[in-house]
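Taking it in order: structure first as structure tokens, then the write-up.
The values are calculated or read from the model by the stated rules, or taken from the named source; none is laboratory data. The structure presented is a predicted model; accordingly, all values stated were derived computationally and were not measured. Counting neighbours? That spans all protein chains shown, and the Cβs are built from the backbone with ideal geometry, glycine included.
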Amino acid sequence: MSWQPPDPATVRLAHRRLAKRFGPLDPPLRRDPIEELVLTVLSQNTSDVNRDRAFAALRARFPTWDALASARVDDVAEAIRPGGLSQVKAPRILAILREIRDRDGSLDLAWFADASDEEIAAYLVSLPGVGPKTAACVLAFSLERPVIPVDTHVHRAAGRLGWIPPKTDANRAHEILAEVVPPKLRVSMHVGLIRLGREVCKPARPRCEDCPLNDLCPTAPVYLASGARGGR
Ligand code: SF4
């Protein structure tokens, strides 16, 4: 049977359930785009706590973006060591900042405020190592644009819920979920699906018996032994 997108009423109901269970589904604090880019690199393969520790150390050592962009890679790696993979992340951060400075003449992305989502996303994904998820995070969290970043948790939960076709890669998932989820719900849906993916729809063994979406989910019967429950 070919894949069919969920009907809009189901998506809205799922959003209400996620808000009831995990709400309020507030996005992370609004940050400037450069900060969001740096944080996204620092968040790779580490916990939020270690990411924040590395970011604080980085800002303490390099108080301005210009100072950071001009720093030696070894010094940056040393500063972000608490976040792990510092030898990989330091050159990534520097490559992004230096590319922006080379192109724009400064590390000021204030022009984003008047640019379209498409213009901003195209600019961001043309930066070294920046993909659609990072671009979506900048749009959602720094600019409050109606996009739904697809990280590993959102991707897994959306796949099990049948909101994206089987074997959809993360890049395509951004496009499909943007069609499936209404604009006003996208950022908070991202937050809700992350919470669901981290706490309930876990990678190896989803806790379908405790999932607020189990009666909406085609994967639930695979895991549920008995007594599925939902609740509106
Ligand atoms: S019912 Fe199970 S598989 Fe479906 S979203 Fe919930 S935890 Fe994931």
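For the stretch 1-21, the set of residues classified as surrounded by fewer than 19 Cβ atoms within 10 Å (Cβ to Cβ) and not in a loop (DSSP other than H, G, I, E, B) consists of P8, A9, T10, R12, L13, R16, A19, K20, R21, listed by residue number.
Selection of helices (runs of 4 or more DSSP H) fully inside the stretch 53-132 by the criterion of at least 2 residues being free of Cβ contacts under 8 Å to residues at least 12 places away in the same chain returns 86-104, 117-125. For the stretch 196-220, filtering for residues that are assigned to a helix (DSSP H, G or I) and closer than 15 Å to G159 by Cα leaves 7.
Condition test on I148, is it away from the ligand (no atom under 14 Å from the Cβ) and in contact (Cβ under 8 Å) with a residue 12 or more places away in the chain? Full working, then the answer.
Working: away from the ligand (no atom under 14 Å from the Cβ): yes; in contact (Cβ under 8 Å) with a residue 12 or more places away in the chain: yes.
Answer is yes for this residue.
Whenever a residue of the stretch 185-199 is farther than 15 Å from A136 by Cβ, its partners that are within 11 Å of the ligand (Cβ to nearest atom) and part of a helix (DSSP H, G or I), lying with C-beta atoms within less than 6 angstrom and at least six residues away or across chains, give the pairs G192/L18; L196/A157; G197/H153; G197/R156; G197/A157; R198/H153.
Restricting attention to the stretch 154-171, and to residues there that are at pLDDT 95 or above and not in a loop (DSSP other than H, G, I, E, B), which single residue is farthest from V88 (Cα to Cα)? Filtering first and then ranking leaves L161.
I'd like to know if the stretch 30-39 contains one or more residues that are under 21 Å from L97 (Cβ atoms) and among the β-branched types (V, I, T). Yes, the stretch 30-39 has at least one match.
Applying the criterion of being at pLDDT 95 or above, buried (at least 16 other Cβ atoms within 10 Å of the Cβ) and under 20 Å from L127 (Cα atoms) to the residues of the stretch 43-76, the residue that is farthest from the chain's Cα centre (by Cα) is A71.
Taking only pairs six or more apart or across chains, which ones have beta-carbon atoms under 8 Å, a first residue in the stretch 207-221 that is β-branched (V, I, T), and a second residue that is not in a helix (DSSP H, G or I)? Qualifying pairs under 8 Å: T219/G162; T219/P206. Looking at R172, is it within 12 Å of the ligand (Cβ to nearest atom), surrounded by fewer than 23 Cβ atoms within 10 Å (Cβ to Cβ) and over 21 Å from E36 (Cα atoms)? Considered against the rule, which asks whether it is within 12 Å of the ligand (Cβ to nearest atom), surrounded by fewer than 23 Cβ atoms within 10 Å (Cβ to Cβ) and over 21 Å from E36 (Cα atoms), R172 comes out as no.
Restricted to the stretch 22-40, and to residues there that are in a helix (DSSP H, G or I) and of a type outside the set (D, E), the residue that is nearest to R53 (Cα to Cα) is L39. For the stretch 176-226, which positions are β-branched (V, I, T) and within 9 Å of the ligand (Cβ to nearest atom)? V200, T219, V222, listed by residue number.
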